[in-house]
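Asker: Structure in structure tokens, see below.
The values are calculated or read from the model by the stated rules, or taken from the named source; none is laboratory data. What you see is a predicted model; the values in this text were computed from it and never measured. Quick reminder, even Gly has a Cβ in these numbers, built from the backbone with ideal geometry, and neighbours come from all protein chains shown. These accessible areas exclude ligands, DNA and RNA; they are computed on the full protein's heavy atoms, side chains included. Shrake-Rupley method; radii C 1.70, N 1.55, O 1.52, S 1.80 Å.
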Protein chains: 4
Amino acid sequence: MEKKTLLTHCSDAPGLISKITNICYKHQLNIIHNNEFVDYVSGHFFMRTELEGYFNDHTFLADLDHALPQGAKRTLVDSTRKRIVILVTKEAHCLGDILMKTYDGSLDVEIAAVIGNYDTLQGLTEKFDIPYHYVSHEGLSREEHEAEMLKVIDSYQADYLVLAKYMRVLTPDFVARYQHKIINIHHSFLPAFIGAKPYQQAYDRGVKIIGATAHFVTNDLDEGPIIKQDVIPVDHTFAAADMAQAGRDVEKNVLSKALSKVINDHVFVQGNKTVIL
Amino acid sequence: MEKKTLLTHCSDAPGLISKITNICYKHQLNIIHNNEFVDYVSGHFFMRTELEGYFNDHTFLADLDHALPQGAKRTLVDSTRKRIVILVTKEAHCLGDILMKTYDGSLDVEIAAVIGNYDTLQGLTEKFDIPYHYVSHEGLSREEHEAEMLKVIDSYQADYLVLAKYMRVLTPDFVARYQHKIINIHHSFLPAFIGAKPYQQAYDRGVKIIGATAHFVTNDLDEGPIIKQDVIPVDHTFAAADMAQAGRDVEKNVLSKALSKVINDHVFVQGNKTVIL
Amino acid sequence: MEKKTLLTHCSDAPGLISKITNICYKHQLNIIHNNEFVDYVSGHFFMRTELEGYFNDHTFLADLDHALPQGAKRTLVDSTRKRIVILVTKEAHCLGDILMKTYDGSLDVEIAAVIGNYDTLQGLTEKFDIPYHYVSHEGLSREEHEAEMLKVIDSYQADYLVLAKYMRVLTPDFVARYQHKIINIHHSFLPAFIGAKPYQQAYDRGVKIIGATAHFVTNDLDEGPIIKQDVIPVDHTFAAADMAQAGRDVEKNVLSKALSKVINDHVFVQGNKTVIL
Amino acid sequence: MEKKTLLTHCSDAPGLISKITNICYKHQLNIIHNNEFVDYVSGHFFMRTELEGYFNDHTFLADLDHALPQGAKRTLVDSTRKRIVILVTKEAHCLGDILMKTYDGSLDVEIAAVIGNYDTLQGLTEKFDIPYHYVSHEGLSREEHEAEMLKVIDSYQADYLVLAKYMRVLTPDFVARYQHKIINIHHSFLPAFIGAKPYQQAYDRGVKIIGATAHFVTNDLDEGPIIKQDVIPVDHTFAAADMAQAGRDVEKNVLSKALSKVINDHVFVQGNKTVIL
């Protein structure tokens, strides 16, 4: 017996749950967990179905395609561990958290490689026997640097790229290549404090809460679909640097939780939003 | 067109989602929201289905009974507002919160009456034009007092009884009469600090968090199925009285949230636990 | 014996705590609680000292003035309950929460009056035997309306004005008259979603958390010193109206907590920020 | 100029803040941060004062001893990084978190060594170039095993021992040797679910929140002074194993936060409670 997850995303129509579960039943696939959501504003239907049984992918998907509305997207994901490539600059906390959670088993992912535009985190990465590629941006145009990065990234055939405090803005070409496959952690509670130095902005504004946002990267900087957000309270005793220090804990927790949702196939993207089932 | 909610609770079996949603589809009932859960430990299946359409309750339920495993419980709940009777002693905060949330529309319930073993809260209740019954326990045995209470309670034919800081223990006879229909707020994070004076106990133990628990009442004091719990941080500056004051906010929020889940038909009881869909 | 609170705000200088506590000791005033904070960025010193004893305000303050740096602000606040006037429009939840918390004793304040630019909340207010003034803005310029409001407000000599979902923007003249005395609840986690329809904005952006902000009102709309913020998680199932409904709970909790800090003399304002001791 | 922290713990008496801060002022020691607390129930005074200046420890402490009530405990702690020894069994998450936070600088501590009664975590420890001692308990009495452990522990002269999921109960002799110097993480929200298998207990009880507790170890198992607690929500979908997995995140966060408070000299112990300034 195998376990696979069926992800269905289509226009809403009467009887969709019935049709999809009928096909599962007909194929003697047992439904372990099922979640669905209808967005009545946009008229979209989303369903995530964990199945167990003997799969004949070809006929199963053909039956589904016959039953679902035109334009439906349906994916049958097997339970192979996802592969990620992590991009970093100098800060250790987000990378360290993913490395440690992967090591202790709380994050079920394969870290294929880490790529940094500095060599600061090479030592940490290699402690865990993971290849580190130092691809400096010095003396290179943005396009040249990305071309160097992509040579390395593409060689790993990763399912997702994780920007674990990678501090350079990506070009539209780069982003287009990995649409909805690049997860970033932004060090603010978006859409507050978009852009650089959010902790300084938060300090200047005198906020009583700071946060972090994990989102898919799109060409609109800091505007991609949000996957996860969380916050912590701060007060007048926090200087900007204290906020940044306190924020690190939130950043890494938010990134890890978002990553966990993505690699376990819980996240649908619709327009500029996510549906998490 | 009407809206109704179908609640299904039965032994797990292959194809249940498919069978139930088929019957909905056949009856041209549109599924607005659907949630299901299988408890693989106990082998129980739970499903909550919000439906919209023209209902023929009789044939719809007959079709379901035919399809579901023996012993299945299924209920088709119409969207009539639930009626509650609230039992109180002297403390205003939980009663006040339910009165105000009902007034401002954030809690969609009909408060049929409030009954108190003191008259302390009569004034507050009557501000909202709700009948208050003062049923003193003085000079009565527990059984006699409950008999007096039940005369009043039964006259209102309430769907649920809410113990909003009602400080007397109910007899097994009373509880049996309203099985899984009595919601209590306990002023601790159960199972910590079971029994009387939980805030004094919490102070003595030096805990850093206090909480509250809303649960269905059973004959095992403080042991009924938990519906909702929440906590707030405290520290060394909190005397026992400060903990009690801080705890009031949690108590009323937890009770209101639990009540909201119950009256909107989200809560299943299985053994000593709840499943909330 | 009396209880009073000394609030000191001045430039930082060596030995301030020693000097102030010496004077308290010399006057045989017992320190019940003491908190101080030095903002090393701006060089400001803040101290809040709860005192108990027999006060000779005149000589005590004279001693302090002699010891403190030039330009120091020090206030000796007696324990009289503060008076507030509440301004409302149509929404009941924030007003209702303050009314109920005042009734049940968890908020120790005197509500002198409620003023609304609609009569929607007159019934609710009068349940609690508090005068309600309906001052419609219809047919009046902003200035004329405020003049009408101020006639009523000024007659009550309130310590603070509370905007409990009062949906009109105040003029600079009005604000200047009650500097750092007007507390507003903004229905977003400022500085995100400044301005109108924040819940619609939050929905459109697909955020996973929504919040509320209580702040002092200044002439820069939504930019005054923040007193308290809090948030709750939301997800893809929340339409804009659901977010607004969920947000009401946060709004009223944040406003009540901010109000409690202000009326108990915990809040200092420095520039565009608060220091809460 | 140096920075030191003065910790004062004594019976409450009039003028203590004044006396202590006077002595600081006289010695030209600048107060960077100051916090004090009076426990009016027990009549104890606690004060934590961060000082900056040129210290003459001897005369400064002599002046303090002269001014403070008899039996006062006062300690002047210099800013040397604290040394800890970590005890583990097989689970990696708490050890991993402390290793990583020490590596990335968010925890300012020196890990002198890790000692395990299994060799499971030797590889992880040695990645970070920290000595690992495998001291098996097999074939040894509890006393013999502890004697072996103590040989290693004592050789490191640690300030604190951290039980990072060390799953053996310590003898009174061991505990007495490191009074208020042993920090344990308990995998429940104490005092709920004391003892073994708390997640199974939590599952059986159907709680909606689980937590973790960091506390000093005393001879009363799970009854020592609590330093930090935190919780996370769970629901009916969590099997006991899911609760344990979810609980790991809370466990490690609570342990790290408690450790941070302890090593930065914020924690006083009084009776069975902590005061955290």
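Asker: What number goes with the only condition from (1) under 17 Å from C:Q245 (Cβ atoms); (2) open to solvent by 20 Å² or more (accessible area, probe 1.4 Å); (3) modelled with pLDDT of 95 or more that C:D159 does not pass?
Answerer: (1)
Asker: Turning to a different aspect of this structure: Within the stretch C:32-52, restricting attention to residues that are within 10 Å of chain D (Cβ to nearest Cβ) and open to solvent by less than 30 Å² (accessible area, probe 1.4 Å), which residue is farthest from D:I17 (Cα to Cα)?
Answerer: Of all residues in the stretch C:32-52, those within 10 Å of chain D (Cβ to nearest Cβ) come to C:32-38, C:40, C:47, C:49.
Keeping just the survivors that are open to solvent by less than 30 Å² (accessible area, probe 1.4 Å) gives C:32, C:34, C:36-38, C:47, C:49.
Working: C:I32: 11, C:N34: 9, C:E36: 12, C:F37: 15, C:V38: 17, C:M47: 13, C:T49: 11 Å.
Taking the candidates together, the pick is C:V38.
Asker: Restricting to the stretch C:79-96, what's the tally of residues that are under 14 Å from the mean Cα position of the chain (by Cα) and either modelled with pLDDT under 95 or more than 11 Å from every other protein chain (Cβ to nearest Cβ) (or both)?
Answerer: 6
Asker: In the stretch A:182-197, is there at least one residue being assigned by TED's automatic domain parsing to the domain that holds A:D265, more than 29 Å from C:V267 (Cβ to Cβ) and among the basic types (K, R)?
Answerer: No, that holds for no residue.
Asker: Then there is this: Picking from D:H93, D:H44, D:H27, D:H58, which residue would you name as being within 30 Å of D:V254 (Cβ to Cβ) and outside the structural domain of D:G247 (by TED's automatic domain parsing)?
Answerer: Exactly one of D:H93, D:H44, D:H27, D:H58 is within 30 Å of D:V254 (Cβ to Cβ) and outside the structural domain of D:G247 (by TED's automatic domain parsing), namely D:H44.
Asker: Still on this structure: What about B:L99, is it in a helix (DSSP H, G or I) and either within 14 Å of chain A (Cβ to nearest Cβ) or open to solvent by less than 10 Å² (accessible area, probe 1.4 Å) (or both)?
Answerer: Judged against the criteria, B:L99 is a match.
Asker: Tally up the residues in the stretch C:31-47 that are without any contact (Cβ under 8 Å) to a residue 24 or more places away in the chain and in contact with a Cys (Cβ under 8 Å, 6 or more places away or on another chain), please.
Answerer: Residues in the stretch C:31-47 being without any contact (Cβ under 8 Å) to a residue 24 or more places away in the chain and in contact with a Cys (Cβ under 8 Å, 6 or more places away or on another chain): 1 in total.
Asker: Restricting the stretch C:225-243 to residues that are in contact with a strand residue (DSSP E or B) (Cβ under 7 Å, 6 or more places away or on another chain) and more than 10 Å from chain A (Cβ to nearest Cβ), which is least open to solvent (accessible area, probe 1.4 Å)?
Answerer: Ranking the qualifying residues of the stretch C:225-243, first place goes to C:M243.
Asker: I'd like the full set of residues that are hydrophobic (A, V, I, L, M, F, W, C), open to solvent by 10 Å² or more (accessible area, probe 1.4 Å) and in contact with a Pro (Cβ under 8 Å, 6 or more places away or on another chain), limited to the stretch A:183-208.
Answerer: A:F193
Asker: Give me a count of the residues in the stretch D:249-260 that are within 14 Å of chain B (Cβ to nearest Cβ) and buried (at least 18 other Cβ atoms within 10 Å of the Cβ).
Answerer: The total comes to 5.
Asker: Condition (residue is touching a residue at least 60 places away in the same chain (Cβ under 8 Å), touching a strand residue (DSSP E or B) at 6+ places or on another chain (Cβ under 7 Å) and acidic (D, E)) applied to the stretch A:258-265: is it met by at least one residue?
Answerer: yes
Asker: Output the residues belonging to the stretch B:216-244 that are in a strand (DSSP E or B) and either within 18 Å of B:Y199 (Cβ to Cβ) or among the hydrophobic types (A, V, I, L, M, F, W, C) (or both).
Answerer: Matches in the stretch B:216-244: B:F216, B:I226, B:I227, B:Q229, B:D230, B:V231, B:I232, B:P233.
Asker: Related question: Scan the stretch B:76-94 and give yes if some residue there is of a type in the set (A, V, I, L, M, F, W, C), surrounded by fewer than 21 Cβ atoms within 10 Å (Cβ to Cβ) and in contact with a strand residue (DSSP E or B) (Cβ under 6 Å, 6 or more places away or on another chain), otherwise no.
Answerer: Yes - at least one qualifying residue is present in the stretch B:76-94.
Asker: Take A:N219 and decide whether it is in contact with a strand residue (DSSP E or B) (Cβ under 8 Å, 6 or more places away or on another chain), of a type in the set (S, T, N, Q) and more than 9 Å from chain C (Cβ to nearest Cβ).
Answerer: Details: in contact with a strand residue (DSSP E or B) (Cβ under 8 Å, 6 or more places away or on another chain): no; of a type in the set (S, T, N, Q): yes; more than 9 Å from chain C (Cβ to nearest Cβ): yes.
Criteria not met by A:N219.
Asker: Can you pull out the residues in the stretch A:163-198 that are polar (S, T, N, Q) and farther than 21 Å from A:H145 by Cα? Even if it seems obvious, please write down each step before you answer.
Answerer: As a first pass, look at the stretch A:163-198 and keep what is polar (S, T, N, Q): A:171, A:179, A:184, A:188.
The one that is polar (S, T, N, Q) and farther than 21 Å from A:H145 by Cα: A:S188.
Asker: Taking the stretch D:4-30 on its own, how many of its residues are open to solvent by 10 Å² or more (accessible area, probe 1.4 Å), under 13 Å from D:L68 (Cβ atoms) and either part of a loop (DSSP other than H, G, I, E, B) or more than 10 Å from chain C (Cβ to nearest Cβ) (or both)?
Answerer: Residues that pass the stated criteria total 7.
Asker: So D:D265 clears everything in (1) open to solvent by 20 Å² or more (accessible area, probe 1.4 Å); (2) in a helix (DSSP H, G or I); (3) of a type in the set (D, E, K, R) except one condition, right? Which one?
Answerer: Among (1) open to solvent by 20 Å² or more (accessible area, probe 1.4 Å); (2) in a helix (DSSP H, G or I); (3) of a type in the set (D, E, K, R), the lone unmet condition for D:D265 is (2).
Asker: Identify the residue in the stretch B:102-118 that is facing chain C (nearest Cβ under 9 Å) and of a type in the set (S, T, Y) and, among all such residues, is nearest to C:G96 (Cα to Cα).
Answerer: Among those that are facing chain C (nearest Cβ under 9 Å) and of a type in the set (S, T, Y), it is B:Y103.
Asker: What number of residues in the stretch C:88-113 are in contact (Cβ under 8 Å) with a residue 40 or more places away in the chain and either among the aromatic types (F, W, Y) or closer than 12 Å to C:P131 by Cα (or both)?
Answerer: So the answer is 2.
Asker: In this structure, does B:T59 turn out to be outside any strand (DSSP E or B) and surrounded by fewer than 16 Cβ atoms within 10 Å (Cβ to Cβ)?
Answerer: yes
Asker: So which of B:A196, B:A246 ends up being over 18 Å from the mean Cα position of the chain (by Cα), farther than 23 Å from C:L255 by Cα and more than 9 Å from every other protein chain (Cβ to nearest Cβ)?
Answerer: B:A196
Asker: Let me ask something else about it. Confirm whether C:L16 is touching a Pro at 6+ places or on another chain (Cβ under 9 Å) and among the hydrophobic types (A, V, I, L, M, F, W, C).
Answerer: yes
Asker: I've got another one for you. How many residues, within the stretch C:263-277, are within 14 Å of chain A (Cβ to nearest Cβ) and out of contact with any helix residue (DSSP H, G or I) (no Cβ under 9 Å at 6 or more places or on another chain)?
Answerer: The number of residues fulfilling the criteria is 6.
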